[in-house]
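Undergrad: First the structure, then my questions, so here it is.
The values are calculated or read from the model by the stated rules, or taken from the named source; none is laboratory data. On a predicted model such as this, the values are computed, not experimentally measured, just so you know. Note: ideal-geometry Cβ built from the backbone for every residue, glycine included; neighbour counts use all protein chains shown. The protein model used for the area step is the full one, side chains on, heavy atoms only, and it has no ligands, DNA or RNA in it. Shrake-Rupley method; radii C 1.70, N 1.55, O 1.52, S 1.80 Å.
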Amino acid sequence: MAGAGRGPCPVQDMMDIEVKPKPPRPHWYERHIQPCVAELLGSALFIFIGCLSVVEDLGGTGRLQPALAHGLALGVTIAILGDISGGHFNPAVSLGVWLVGGLNMTMLIPYWLSQLCGGMIGAGLAKAVAPSERFGNASGGAFGGGITADEQIPGVLVGEIVMSSFLLLVVCMGAINGRTRTPLAPFCIGLTITANILAGGGVSGACMNPARAFGPALVANCWDYHWVYWVGPMVAALLVGVLVRLLMGDQATRLLLK
């Protein structure tokens, strides 16, 4: 009788609760191997189109042909492969995405290696299909040829940092940050590449991507001022990572509110 007035048994309540099965964890191949394959493939296709647009530019269109080719190729590649790997295709983008919490640290180095290998494959394919004379005249689409004196380096470096920062900000805010994320991110990223090349192609070449610089530099053996195209984008990734983490990110991203 003492227990007659008590409420329902807690154990019975627990048993009555419907237990919803957890979604199955993705296979290790989909978590580790497939993203790297996507980064390799996407980087190869993007850099192949990018290099070929420079090699085959006959001069009549100015910077318009490379700008459109790079922007369209990157936007389409992100749209079709982004759900697998995030669609980075750029070591600086991977660094920035990792800094804002969008990439596991264990995948950062594999992503970099995949992107650099993709750059070599893309540049090699461009060399295979382009006439050797045009390929040689354009240095295989490599960067650095426009720098003729050391006095140009500060301007080139600042240009790469600013343009890469613009690109990284669009990536982190448009594809990673929860409050500002948009399905139009691939389109926005491609347009950013196009705008940067149109505006800054005459300043630094508007590389913004160490893998894009490394592949054709290796294939064409053109290493003039190559370091600029690593330092600029990587510094930009650090700057944007700090900016998003401390100031621009939503509550889940900003370190100050964690």
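Undergrad: Students often check this: by mean Cβ neighbours within 10 Å, which of 243-250, 152-159 ranks highest, and how do the rest follow?
TA: Working: 243-250: 17.9, 152-159: 16.0.
Descending mean neighbour count gives 243-250, 152-159.
Undergrad: Take every Cα pair under 8 Å in the range 135-258 that's 6+ residues apart, average their separations, divide by the length, and report that relative contact order as a whole percent.
TA: Values: 152 pairs, mean separation 45.4, N = 124.
This gives 37 percent for the range 135-258.
Undergrad: Now a separate question. Taking a ≥ b ≥ c as the square roots of the Cα gyration tensor eigenvalues, with a/c under 1.5 meaning rounded and otherwise prolate when a/b beats b/c, else oblate, which class fits the range 72-191?
TA: Working: a/c = 1.94, a/b = 1.44, b/c = 1.34.
Prolate is the answer for the range 72-191, as a/c is 1.5 or above and a/b outweighs b/c.
Undergrad: Moving on to the next point. Hey, can you list the DSSP H helices of the chain whose Cα span along the axis is 20 Å or longer and whose average Kyte-Doolittle score is at least 1.0?
TA: Numbers: long enough: 34-55 (31 Å, 1.82); 64-85 (30 Å, 1.34); 108-129 (32 Å, 1.12); 153-171 (26 Å, 2.23); 185-200 (22 Å, 1.53); 228-243 (22 Å, 2.08).
Passing helices, by number: 34-55, 64-85, 108-129, 153-171, 185-200, 228-243.
Undergrad: In square angstrom, rounded to the nearest 10, how much accessible surface does Val242 have for a 1.4 Å probe?
TA: Here the residue's solvent-accessible area equals roughly 80 Å².
Undergrad: So, one more: If you keep only loop residues by DSSP, which trypsin sites (Lys or Arg not before Pro) in the range 102-185 have at most 16 other Cβ atoms within 10 Å of their Cβ?
TA: Passing sites in the range 102-185 are Arg179, Arg181.
Undergrad: Could you tell me whether the range 176-258 comes out rounded, prolate or oblate from its Cα gyration tensor? Rule is a ≥ b ≥ c as square roots of the eigenvalues, rounded for a/c under 1.5, then prolate if a/b exceeds b/c, otherwise oblate. It would help to have the intermediate numbers written out before the result.
TA: Details: a/c = 2.75, a/b = 1.84, b/c = 1.50.
Prolate, since a/c reaches 1.5 and a/b exceeds b/c.
Undergrad: Just how large is the dipole of the range 81-202 about the Cα centre, in debye to the nearest 20, putting +1 at every Lys and Arg Cβ and -1 at every Asp and Glu Cβ?
TA: Details: 4 positive and 5 negative charges, 70 e Å.
With Lys and Arg at +1 and Asp and Glu at -1, about 340 debye.
Undergrad: Can I ask one more? Would you work out which of Ala142, Ala128, Ala67 lies farthest towards the positive end of the dipole of the range 53-161, given +1 charges on the beta-carbon of Lys and Arg and -1 on that of Asp and Glu, about the Cα centre?
TA: My answer, from the dipole projection, is Ala128.
Undergrad: Under 14 Å from a point 7 Å along the Cα-to-Cβ line of Gln34: which residues of the range 65-99 have their amide N that close?
TA: So the set is 81-87.
Undergrad: Next question, about the same structure. Once the piece of chain linking Trp223 and Gln251 is laid out straight, how much longer is it, given 0.36 nm per residue of separation minus the C-alpha distance between them? Present the calculation step by step, with values, prior to reporting the outcome.
TA: On the way: separation 28, 0.36 × 28 = 10.08 nm, distance 4.29 nm.
Length gained, Trp223 through Gln251: 5.8 nm.
Undergrad: Between Arg25 and Val129, what FRET efficiency follows from the Cβ-Cβ distance if R0 is 51 Å, with the result rounded to 0.05? Don't jump to the answer; show the numbers that get you there.
TA: Details: r = 42 Å, r/R0 = 0.82.
Between Arg25 and Val129 the formula returns 0.75.
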